[in-house]
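J.: Just dropping this structure here.
Please treat every number below as a calculation from the coordinates, not as lab data. Because the structure is a prediction, the values reported are computed rather than measured. Here Cβ is always computed from backbone atoms with ideal geometry, including for glycine, and neighbour counts include all displayed protein chains.
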Amino acid sequence: MDLNLLLVLHALLTERHITRAASRLNMSQPAVSHALGRLRALFNDRILIRCGQEMRPTSRAEEIAGDLEVILTDISHILERPNFDPSEAEGKITICATEGAITVFADALVEAKAIARSVVFELSSEQYDIERRLKSGDVDIYVDTQPMLTSSEFHSIELFRNDLICVMRNGNGESDRISRADYASRDHIMIAGGTNDRLTHFLREIGIMRNTTVITPGYFSAANIASKSDLLLTLPAALAAHVCEIFPLQQRRFAFDLPEVALTMSWHSRRDSNPLHRWARDIIVAGARTAPTVSAA
């Protein structure tokens, strides 16, 4: 397909008006109208339907719009000079990650922002329909403890593996390691979803039923509550070390075996060679390398 046709299509879908699209492209109105005719024949679709003073995209055009934005962005980066300089870069990177995952690479992100002042990082914890959102470009990078995405459309890497650590308020327990019997007999606070769902399933398989009395949406609120109560909180080592620096909490290793937690990063293959996206992924990898993998206790 002629690249110029893609540019006209993008302008038409953005402006929804032939005259405004022509002005945006510095083209004549008849030339844009002719290009729209070619696009309609190519896609076998009307693309835009006149409604009053404006034109509305068809359902097919709306499907095309998301992929078109990604394609034109990738073409733009291909045509850029090969030496990527983050201090001169512009754009937005959307990262979908839990509050805990963001904590792992937060320091590296802050350092990167000091250099790349014109790059916007949008952080979201909404993890619904993640494969579709990665494919459409609504999400650029996905970081979580969920299993890696297996479709060939995506690239995934493991950032690190963490031991699970039991966290409790200072003075709530004296032994260095928490036993299976003690862990099963105590009341717990749990973070909804993800790691804790898989941990609950594993504990049931080995005959441990946690008595969970509080469920929170994030690890920070859970740690705050644990520091003011006798509730036990189970966290990956990186987060356990972090909350123990902020709240009056102590870490305890387990006297029985628990599975490790793997933090993974995934992205769509279309963004694999994009210089800005590669740089953003390197930031997350750098942050993960500095995260604690085991407790100091």
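J.: Under 10 Å from the Cβ of Pro259, count the other residues' Cβ atoms, weight Lys and Arg +1, Asp and Glu -1, and hand me the total.
T.: On the way: positive: Arg161, Arg198; negative: Asp163, Asp257, Glu260.
With Lys, Arg at +1 and Asp, Glu at -1, the neighbours total -1.
J.: Separate question: Quick one: net charge of Leu42's neighbours, Cβ under 13 Å, K/R +1, D/E -1? Don't skip to the end; give the middle numbers.
T.: Details: positive: Arg38, Arg40, Arg46, Arg60; negative: Asp2, Asp45.
Summing Lys/Arg as +1 and Asp/Glu as -1 gives +2.
J.: For the chain, what log10 I(q)/I(0) values come out of the Debye formula at q = 0.17 1/Å, with one point per alpha carbon and no solvent?
T.: Debye curve over Cα of the chain, log10 I(q)/I(0) at q = 0.17 Å⁻¹: -1.31.
J.: Also, I was wondering about something else. May I ask for log10 I(q)/I(0) of region 3-79 at q = 0.20 Å⁻¹, from a Debye sum over the Cα atoms as equal point scatterers with solvent left out?
T.: -0.85
J.: I would also like to ask the following. Relative contact order for region 3-79: what is it in percent, counting Cα pairs under 8 Å that are at least 6 residues apart?
T.: Working: 61 pairs, mean separation 22.6, N = 77.
Contact order relative to length: 29 percent.
J.: Let me know the Kirkwood hydrodynamic radius for region 1-138, please, with Cα pairs as the basis and the value in Å to one decimal. Don't skip to the end; give the middle numbers.
T.: Numbers: mean 1/r = 0.0568 Å⁻¹.
It works out to 17.6 Å.
J.: Relative to the present Cα-Cα distance, how much length would full extension add between Arg40 and Ala114 at 0.36 nm per residue of separation?
T.: On the way: separation 74, 0.36 × 74 = 26.64 nm, distance 4.60 nm.
Extending this stretch completely gives an extra 22.0 nm.
J.: Using only C-alpha atoms and all pairs of different ones, pull out the Kirkwood radius for region 164-259 in Å with one decimal.
T.: Details: mean 1/r = 0.0763 Å⁻¹.
Its Kirkwood hydrodynamic radius stands at 13.1 Å.
J.: Work through the residues other than Gln29 whose Cβ is under 14 Å from its Cβ and net out their charges, Lys, Arg +1 and Asp, Glu -1.
T.: Numbers: positive: Arg20, Arg24; negative: Glu15.
That sum, taken over residues with Cβ under 14 Å, equals +1.
J.: Oh, and also: Please give the helix 99-115 orientation as an angle from the longest Cα principal axis of the chain, in degrees from 0 to 90, rounded to the nearest 10.
T.: Around 60 degrees separate the two axes.
J.: From the phi of every residue in region 23-33, what ³J(HN,Hα) in whole Hz does the Karplus formula 6.51 cos²θ - 1.76 cosθ + 1.60 yield, where θ is phi - 60° and glycine or proline is x?
T.: In residue order, the calculated couplings are 5, 4, 8, 6, 10, 7, 4, x, 5, 5, 4 Hz.
J.: OK, next. With an 8 Å Cα cut-off and a minimum separation of 6 or more residues, compute the relative contact order for the chain in percent. Let's see the in-between values first.
T.: Values: 471 pairs, mean separation 66.8, N = 297.
For the chain, the relative contact order is 22 percent.
J.: Another question, then. Percent relative contact order of region 1-156, based on C-alpha pairs within less than 8 angstrom and at least six residues apart?
T.: Details: 148 pairs, mean separation 29.0, N = 156.
Once normalised by length, the contact order is 19 percent.
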